[in-house]
Amino acid sequence: MVKVEVFSSPGCGKCAQAKNMLKTIVEEMGQGRITWRDVNILEEMDYAVELGVMSSPAIAIDGKLAFSSLPSPDKLRTELGKRLV
Amino acid sequence: MLTIGKLALRVDVTTDTVRYYEKEGLLAPARKTDAGYRLYDDVAIRRLRFIKQAQHCGFSLAEIGELLALKSSDAACCKDVKSVAIEKKLHLEHKIKALRVMSQALSELITVCDDETRPLQECPILAALESSMEKQLKGDRNG
C-alpha cells in the first residue's frame, strides 16, 4: 500500500483546488492501493520537521518527502507509477 | 516630527540601525529639512516596532521586507501572512532539531571523559573528535 501524505495548513486557499485534483489522480490510479492523508502541518509540526518539510504545502510518499510544493498532475502520476510497479 | 536621534531613542535602537534599515529599504523619513536632516512621523515609529517584533520572532530583514510588502499590498490577505509565519516556524523547528542533535553529540562526548585529571594527550573528547574527523575524511574519499 502506497501512502501519500499532504502537508498543509487549514484554510490554505491555494492548496484546496490543487489538492482536490491530485486526490482524484490518487483515487484513479490507486484503486485501493494508495492511501491519502491530509496532514494539518500546525498539528503535526514535529512529524513535518522529521520528514524535512520546509514549506507548505508539501507531499510525502511512503514517509519520505517527495515534493516540497504541490506537483503537477503528471509529476505525481510518474512518482506514484514508480511505486505501483 | 522626530529627528533620527529622537526616533532611535523612542524605539530603543541606534541611529546607525535606523540608517541601515533605510538603506535596506525597510524605512523612509517622512521628509527632510532644508538642511537635509531626516524627519520621521508616527508611521516610522510603528514600522520600527514592527521590525523589532518580527526580528524577535526570528525573521531576517529580507523576510521582514516581504512581510512589510504584504502588509501594504491590496492583493494580499491574512492567509498570505500566515503561510509566511508557518514557513518561518518550520525553519526554526528544523534549526532546533539540528541543535538538539549537536547537544546530544556533546553530551556523548562529555560522558566519554570520565577522568578530568588525564593529560591533554589522553583527552578522550579530543581523541573522539579526531577519530570522527578521520572517519569523515575516509568517507569523503570513498564517496
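The values are calculated or read from the model by the stated rules, or taken from the named source; none is laboratory data. Everything numeric in this text was worked out from a predicted model, so none of it was measured. Using ideal geometry, Cβ is built from the backbone for each residue, glycine included, and neighbour counts are taken over all protein chains shown. Side chains included, ligands, DNA and RNA excluded: accessible areas come from the protein's heavy atoms. Shrake-Rupley method; radii C 1.70, N 1.55, O 1.52, S 1.80 Å.
The single condition among (1) among the hydroxyl-bearing types (Ser, Thr, Tyr); (2) at pLDDT 95 or above; (3) more than 23 Å from the chain's Cα centre (by Cα) that B:Thr14 does not satisfy is (3).
Where in the range A:1-84 are the helices (runs of 4 or more DSSP H), entirely inside, with at least 1 residues that are closer than 20 Å to B:Lys82 by Cα? Where helices (runs of 4 or more DSSP H) fall fully within the range A:1-84 and carry at least 1 residues being closer than 20 Å to B:Lys82 by Cα, they are A:13-30, A:45-51.
Each row is one residue, and each column tells you yes or no for (1) under 29 Å from B:Glu93 (Cβ atoms); (2) surrounded by 13 or more Cβ atoms within 10 Å (Cβ to Cβ).
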residue: B:Leu27; (1), (2): no, yes
residue: B:Arg47; (1), (2): yes, yes
residue: B:Ala54; (1), (2): yes, yes
residue: B:Phe59; (1), (2): yes, yes
residue: B:Asp74; (1), (2): no, no
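Yes or no, residue by residue, for (1) under 24 Å from B:Tyr20 (Cβ atoms); (2) open to solvent by 60 Å² or more (accessible area, probe 1.4 Å):
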| position | (1), (2) |
| --- | --- |
| B:Glu63 | yes, no |
| B:Leu99 | no, yes |
| B:Ala127 | no, no |
| B:Met133 | no, yes |
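Residues in the range A:25-41 that are away from every other protein chain (no Cβ under 14 Å), polar (S, T, N, Q) and touching a Pro at 6+ places or on another chain (Cβ under 9 Å): there are none. Does B:Lys95 satisfy being open to solvent by 60 Å² or more (accessible area, probe 1.4 Å), without any contact (Cβ under 8 Å) to a residue 12 or more places away in the chain and within 14 Å of another protein chain (Cβ to nearest Cβ)? So B:Lys95 fits the description; yes.
Considering only residues that are out of contact with any Asp or Glu (no Cβ under 7 Å at 6 or more places or on another chain) and surrounded by 18 or more Cβ atoms within 10 Å (Cβ to Cβ), look in the range A:26-41 and name the one that is modelled with the lowest pLDDT.
A:Val26
Candidates in the range A:42-85 are the residues that are among the hydrophobic types (A, V, I, L, M, F, W, C), in contact with a Pro (Cβ under 8 Å, 6 or more places away or on another chain) and within 14 Å of chain B (Cβ to nearest Cβ); of these, the one that is surrounded by the most Cβ atoms within 10 Å (Cβ to Cβ) is A:Leu70. Restricting the range A:14-24 to residues that are out of contact with any strand residue (DSSP E or B) (no Cβ under 8 Å at 6 or more places or on another chain) and away from chain B (no Cβ under 12 Å), the residue that is most open to solvent (accessible area, probe 1.4 Å) is A:Gln17. With respect to the conditions (1) at pLDDT 90 or above; (2) on the phi > 0 side of the Ramachandran plot; (3) polar (S, T, N, Q), A:Thr78 lacks only one, and its number is (2).
Residues that are free of Cβ contacts under 8 Å to residues at least 40 places away in the same chain, closer than 20 Å to B:Ala69 by Cβ and surrounded by 14 or more Cβ atoms within 10 Å (Cβ to Cβ) within the range B:3-25 comprise B:Val18, B:Tyr20, B:Glu22, listed in sequence order.
When A:Gly11 is tested against (1) touching a helix residue (DSSP H, G or I) at 6+ places or on another chain (Cβ under 9 Å); (2) under 26 Å from B:Ile96 (Cα atoms); (3) within 14 Å of another protein chain (Cβ to nearest Cβ), just one condition goes unmet, and that condition is (2).
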